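I have placed the structure first, in the form of structure tokens, so that the comments after it can refer back to it.
The values are calculated or read from the model by the stated rules, or taken from the named source; none is laboratory data. Owing to the predicted nature of the structure, the values given are computational and were not obtained by experimental measurement. Glycine also receives a Cβ, built like all others from the backbone with ideal geometry; neighbour counts cover every protein chain displayed.
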Amino acid sequence: MSVLETIHGLLTLAVENGASDVHIKSGKPAFLRLSGRLEPVEMDLITPNEVREFIEQSVPAEFHDTWVKNRQVDYSYHAPSIGRFRVNGFFQRGSPSIVIRHVSDHPPTFSDLNIDGETLAKLCTQKNGIVLLCGATGSGKSSTLAAMINHINHSYDRHIVTLEDPIEYTYADVKSIINQREIGIDCLSFAQGMRSVLRQDPDVILVGEMRDRDTFETALQASETGHLVFATLHASNAQQAVQRLFEFFPEERKQSVQRQLAGTLRATITQKLLAAMEGGGRIPVSEVFVLDALGRKTIQDGKFEKIEAVIEASEDNGSKTFNQDLFRLVKAGLISKDDAIDHSPNPRQLEMNLKGIFLSSGGIIN
């Protein structure tokens with residue numbers, strides 16, 4: 001059996017069983033990630049040469065030098081009759097490994113993801129500003145962004161330009177025109193792609209990751225000139241997300257950037273994935289910070305430590321804390337109480353809430 005036949009067999013197994021990822025480490029059998037857990041596949045060990053051979057055969061020509069020079073590479077891969085996948089090849093202890101993630105050809109809906117889409121749908125109607133999707137790797141940021149782009153595509157006539165590394169979900173134009181640019185193939189970097197996108201008459205811009213100051217500055221400029229910008233950021237909550245953006249700038253510029261961000265940031269959505277109670281799979285739990293006058297003033301004044309209290313007091317505008325969403329999911333029977341408490345940023349408060357005890361936030365926000 002050829003290495004492609006072996007890998008394609010694993011990919012078929014993953015898709016048929018609903019696995020999110022396939023882990024292949026030299027000298028070991030493959031593992032599938034099923035409902036968040038790693039499960040071994042009964043098979044022969046995969047040799048380092050087989051891993052290397054698969055990468056050499058599947059990596060796009062544009063990324064071959066990246067693999068050779070950097071000893072790691074990200075790219076999209078289409079396995080005929082099986083599906084599309086995102087591949088990360090890398091070396092560890094001198095041997096190659098691969099993690100392959102299944103990406104559906106059909107962008108999800110809010111319902112598919114078990115997300116309360118009312119607030120997200122409202123954010124999709126914004127004419128300008130920045131919306132940040134935050135969370136750790138594997139927290140479902142890309143899927144939620146895809147659902148938002150999918151919603152816009154089916155609802156409004158917009159020109160949407162995406163900058164992705166690599167492209168994951170693909171879209172068929174419905175009401176919108178969608179141009180998807182892959183970093184390394186269609187443009188060299190996020191920063192370069194952002195500089196050119198403003199000459200492409202976009203209404204909506206999706207930036208796969210906010211990685212550097214140039215990209216963020218151009219996103220700010222785009223949002224101030226009538227464009228809606230979606231981007232991802234590695235952050236564990238709204239406060240950390242906002243503070244991370246200021247790490248791109250020297251101290252003397254932070255006050256002016258605070259004013260800019262207060263005027264352009266529309267929302268941060270931070271996600272985690274928890275095991276579902278019924279039927280397996282995972283369910284997103286979200287903290288949502290939708291900026292209103294109080295939220296903008298909090299950022300403009302640099303009082304980032306008050307963001308969580310602002311969120312807790314702003315349910316009327318669609319904001320919610322992790323604990324508020326965990327409470328909702330437990331009461332709906334979608335996740336277990338134990339899981340909710342284990343993943344809560346304030347487990348004692350959540351336990352009290354689940355017992356029907358709620359403390360007023362009056363006086364916390366000045």
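List of remarks:
- When the residues of the range 138-189 are filtered to those that are over 20 Å from His106 (Cβ atoms), surrounded by 17 or more Cβ atoms within 10 Å (Cβ to Cβ) and charged (D, E, K, R), the one that is modelled with the highest pLDDT is Arg181.
- Single match in Val207, Val242, Val229 (criterion: in contact (Cβ under 8 Å) with a residue 40 or more places away in the chain and not assigned by TED's automatic domain parsing to the domain that holds Leu120): Val242
- Pairs where the first residue, in the range 34-47, is in the same structural domain as Gly9 (by TED's automatic domain parsing) and the second is surrounded by 13 or more Cβ atoms within 10 Å (Cβ to Cβ) and among the hydroxyl-bearing types (Ser, Thr, Tyr), C-beta under 7 Å, 6+ apart: Ile46/Ser26; Thr47/Ser26
- Members of the range 35-76 that are on the phi > 0 side of the Ramachandran plot and surrounded by 14 or more Cβ atoms within 10 Å (Cβ to Cβ): Ser35, Gly36
- Options Gly83, Gly117, Gly94, Gly129; residue that is touching a helix residue (DSSP H, G or I) at 6+ places or on another chain (Cβ under 8 Å), over 30 Å from Leu245 (Cβ atoms) and not basic (Lys, Arg): Gly83
- Residues in the range 111-137 that are more than 23 Å from Glu217 (Cβ to Cβ), among the hydrophobic types (A, V, I, L, M, F, W, C) and surrounded by 15 or more Cβ atoms within 10 Å (Cβ to Cβ): Leu113, Ile115, Leu120, Ala121, Cys124.
- Close pairs from the range 87-111: first part of a loop (DSSP other than H, G, I, E, B), partner among the acidic types (Asp, Glu), Cβ under 8 Å, at least 6 apart: Phe110/Asp116
- Enumeration of residues in the range 1-20 that are outside any helix (DSSP H, G or I) and in contact with a strand residue (DSSP E or B) (Cβ under 9 Å, 6 or more places away or on another chain): Asn17, Gly18, Ala19, Ser20
- Checking each residue in the range 308-364 for being within 20 Å of Pro284 (Cα to Cα), among the aliphatic types (A, V, I, L, M) and assigned to a loop (DSSP other than H, G, I, E, B) picks out Ala332, Leu334, Ile335.
- Looking at Lys331, Lys303, Lys337, just one residue is basic (Lys, Arg), free of Cβ contacts under 8 Å to residues at least 40 places away in the same chain and within 30 Å of Val257 (Cα to Cα), and that residue is Lys303.
- Top-ranked residue in the range 190-244 [being in a loop (DSSP other than H, G, I, E, B) and hydroxyl-bearing (Ser, Thr, Tyr); ranked as surrounded by the most Cβ atoms within 10 Å (Cβ to Cβ)]: Ser236
- Pairs, first touching a residue at least 40 places away in the same chain (Cβ under 8 Å) in the range 251-274, second acidic (Asp, Glu) and in a strand (DSSP E or B), C-beta under 7 Å, six or more apart: Thr270/Glu287
- Filtered residues of the range 21-41 (kept if within 15 Å of His8 (Cα to Cα) and of a type outside the set (Val, Ile, Thr)): Asp21, His23, Pro29, Ala30, Phe31, Leu32
- The test for being farther than 27 Å from Gly138 by Cα, at pLDDT below 95 and not polar (S, T, N, Q) does not hold for Ala275.
- Within the range 155-164, not a single residue is within 13 Å of the chain's Cα centre (by Cα) and within 24 Å of Arg282 (Cα to Cα).
- Of Leu294, Leu265, Leu359, all but one fail to be out of contact with any strand residue (DSSP E or B) (no Cβ under 8 Å at 6 or more places or on another chain) and closer than 22 Å to Cys134 by Cα; the exception is Leu294.
Conditions (1) of a type in the set (Lys, Arg); (2) free of Cβ contacts under 8 Å to residues at least 12 places away in the same chain; (3) closer than 30 Å to Leu274 by Cα, marked per residue:
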residue: Leu123; (1), (2), (3): no, no, yes
residue: Ile149; (1), (2), (3): no, no, yes
residue: Arg158; (1), (2), (3): yes, no, no
residue: Glu164; (1), (2), (3): no, no, yes
residue: Ile178; (1), (2), (3): no, no, no
residue: Ile183; (1), (2), (3): no, no, no
residue: Leu198; (1), (2), (3): no, no, no
